[in-house]
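Structure record follows, encoded as structure tokens.
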Protein chains: 2
Amino acid sequence: MNDISLVQYNLVVNMFSFTIGTMGAAAIFFYSKSRDVLPKYRTGVTLLALVSAVACYNYFRLLFSWKDAFSIMNGVVTATGIPYDDSYRYADWLFTVPLLLIALVLVLDLPARQARNRGIILGLLAAEMIVLGYPGLITTRTDARWVWWAVAMVPFTIIMYQLYVTMAKIVDAQPEAARRLVSRARFATLLSWSFYPAIYLLPLAGVVGTAALISTQIGYAVADMVAKAVYGVLICAVAVSKSQPAVAVAPETRLGAVAPG
Amino acid sequence: MNDISLVQYNLVVNMFSFTIGTMGAAAIFFYSKSRDVLPKYRTGVTLLALVSAVACYNYFRLLFSWKDAFSIMNGVVTATGIPYDDSYRYADWLFTVPLLLIALVLVLDLPARQARNRGIILGLLAAEMIVLGYPGLITTRTDARWVWWAVAMVPFTIIMYQLYVTMAKIVDAQPEAARRLVSRARFATLLSWSFYPAIYLLPLAGVVGTAALISTQIGYAVADMVAKAVYGVLICAVAVSKSQPAVAVAPETRLGAVAPG
């Protein structure tokens, strides 16, 4: 473990804390919202609360591991010899990523059988992607990291394709008011997910040592907040919008105009 | 880090503890109230709960950092060499201040488009203000602190102007019963917000060393409680008042008089 500066140390501490706050707040928000949507969307929105709560816990673990890895004396940060362990991120993703995909499927009103099949397939692919990424994280060999990255990119690409292309069709089947929200959720998914393979490659792109350590931690924290809290707000908004009485979501009504008759 | 007296040490510990209790209680209160208001005010009141919960967490962090920074032996407090880090306050504000402004906009019943635009603009200005304040906090140079303070005062002044002048117009558009509450929320906002730039300048006003450290911590804790819990109670009261059946908010009824007929 490299020695780092106090500014770098505090930057990571503050970023983790910010993520803890965001995820905790998101968990309360989604839990609250799960009571306000139609019963059929309740499970989907509750899953968003679970994912955020688990992520909040995960960032506590990362924060404690980070603090254990360094000691501070007279403003100087030195490595304690206890390695900082962020491989737990994979356990978190193994739990949360399939649930996020299932939440998406649940609020899209797919026919029951199609929803279940799609949820299971996407969930399994996500689990496979994460399991395949893990060996590349813990290896110290550059070539092995490349290989695992490439292998994990297979399920990643299938999921991205499924979400992007298939969801384009689903968007048209949504009610008017939900269409733009579903479309945004689709882009938020693509954007936030594309962070992960990029961050994974940082050490291979010549970013090594302290710079790689700090930028990886910050990068994953940002990606996790977008992929869980921001994405969750969009999915949640889809469920809320589809839970309004039909008249309330008509565009004229939303803008405050009075409909004739 | 200066050595401080046991009384000063305990004063800060007790103040942080008091803030933790207040923010935690406020979070539960607002969450509970969010179930009692009309659906259209629910998100606004829920945001107050999130803000208080995040602030509660933040004060736990500050308390632990404070305790790490000092050790007590035979009644004598000495600095451990681990710097007390309250820069996390900025991460907290970055999250909570925009949400507080959005909560205000949501309970004021502005037309949808106006509400969204105003919420986004005020939220962005608040974020900008906080980001600009941060470099001045971490610098040790007095002149740089002045410059960042002055720069951050630009968005601060715009927000204050918006809230003060624009809200004066909005007050008149509120139902009779909510008018006084909205007016009070307006003053609570101005009062509590004006604390922050004042506390920021303490080190420049000749308050240095231990005195600056202690008074800054106490000052921010008081300002945070007013800006979040007290302000939140007022905003929440506006939402509750506007959720009563129309007859209950008619002035005669509130005064207990019996309307003729």
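Summary of values
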quantity: Residue match in the stretch B:87-103 (condition: open to solvent by less than 50 Å² (accessible area, probe 1.4 Å), more than 13 Å from every other protein chain (Cβ to nearest Cβ) and either over 19 Å from residue B:225 (Cβ atoms) or not β-branched (Val, Ile, Thr) (or both)); calculated: yes
quantity: Residue A:72, sole failed condition from (1) closer than 23 Å to residue A:139 by Cβ; (2) at pLDDT 85 or above; calculated: (1)
quantity: When residues of the stretch B:151-163 are limited to those that are aliphatic (A, V, I, L, M) and open to solvent by 50 Å² or more (accessible area, probe 1.4 Å), the one farthest from residue A:10 (Cα to Cα); calculated: B:158
quantity: Residue that is in contact (Cβ under 8 Å) with a residue 12 or more places away in the chain and farther than 19 Å from residue B:232 by Cα, where the choices are B:155, B:111; calculated: B:155
quantity: Test: residue in the stretch B:112-126 that is away from every other protein chain (no Cβ under 13 Å), open to solvent by less than 20 Å² (accessible area, probe 1.4 Å) and not aliphatic (A, V, I, L, M); calculated: yes
quantity: Residue selected from the stretch A:31-45 under the condition among the charged types (D, E, K, R) and more than 9 Å from chain B (Cβ to nearest Cβ), by the criterion nearest to the chain's Cα centre (by Cα); calculated: A:42
quantity: Scan of the stretch A:164-188 for residues that are open to solvent by less than 40 Å² (accessible area, probe 1.4 Å) and among the β-branched types (Val, Ile, Thr), ordered by number; calculated: A:166, A:170, A:171, A:182
quantity: Which numbered condition residue B:140 misses (of (1) modelled with pLDDT under 80; (2) open to solvent by less than 40 Å² (accessible area, probe 1.4 Å); (3) over 14 Å from residue B:189 (Cα atoms)); calculated: (2)
quantity: Pair list, Cβ under 7 Å, 6 or more apart: the stretch A:1-29 residue over 25 Å from residue A:232 (Cβ atoms) and facing chain B (nearest Cβ under 7 Å), other residue among the acidic types (Asp, Glu) and open to solvent by less than 30 Å² (accessible area, probe 1.4 Å); calculated: A:10/B:85
quantity: Test: residue in the stretch B:236-244 that is touching a Gly at 6+ places or on another chain (Cβ under 7 Å), at pLDDT 85 or above and closer than 22 Å to residue B:41 by Cβ; calculated: yes
quantity: Contacts under 7 angstrom Cβ, first residue in the stretch A:34-53 being touching a residue at least 12 places away in the same chain (Cβ under 8 Å), partner open to solvent by less than 10 Å² (accessible area, probe 1.4 Å) and outside any helix (DSSP H, G or I), 6 or more apart; calculated: A:45/A:37
quantity: Of all residues making up the stretch B:72-86, the number that are more than 9 Å from chain A (Cβ to nearest Cβ) and either free of Cβ contacts under 8 Å to residues at least 60 places away in the same chain or open to solvent by less than 20 Å² (accessible area, probe 1.4 Å) (or both); calculated: 3
quantity: Residue under evaluation residue B:56, criteria (1) crowded, with 19+ Cβ neighbours inside 10 Å; (2) over 26 Å from residue B:132 (Cβ atoms); (3) at pLDDT below 90, criterion not met; calculated: (3)
quantity: Checking residue B:61 against (1) within 12 Å of chain A (Cβ to nearest Cβ); (2) in contact with a Leu (Cβ under 7 Å, 6 or more places away or on another chain), the condition it does not meet; calculated: (2)
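For (1) surrounded by fewer than 18 Cβ atoms within 10 Å (Cβ to Cβ); (2) within 19 Å of residue B:164 (Cα to Cα), each residue gets a yes or a no:
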site	(1), (2)
B:190	yes, yes
B:197	yes, yes
B:205	yes, no
B:223	no, yes
B:227	no, yes
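The values are calculated or read from the model by the stated rules, or taken from the named source; none is laboratory data. Computed from a predicted structure; not experimentally measured. So basically every Cβ, Gly included, is an ideal-geometry build from the backbone, and we count neighbours across all protein chains shown. Just the protein is used for accessible areas: all its heavy atoms, side chains included, with ligands, DNA and RNA removed. Shrake-Rupley method; radii C 1.70, N 1.55, O 1.52, S 1.80 Å.
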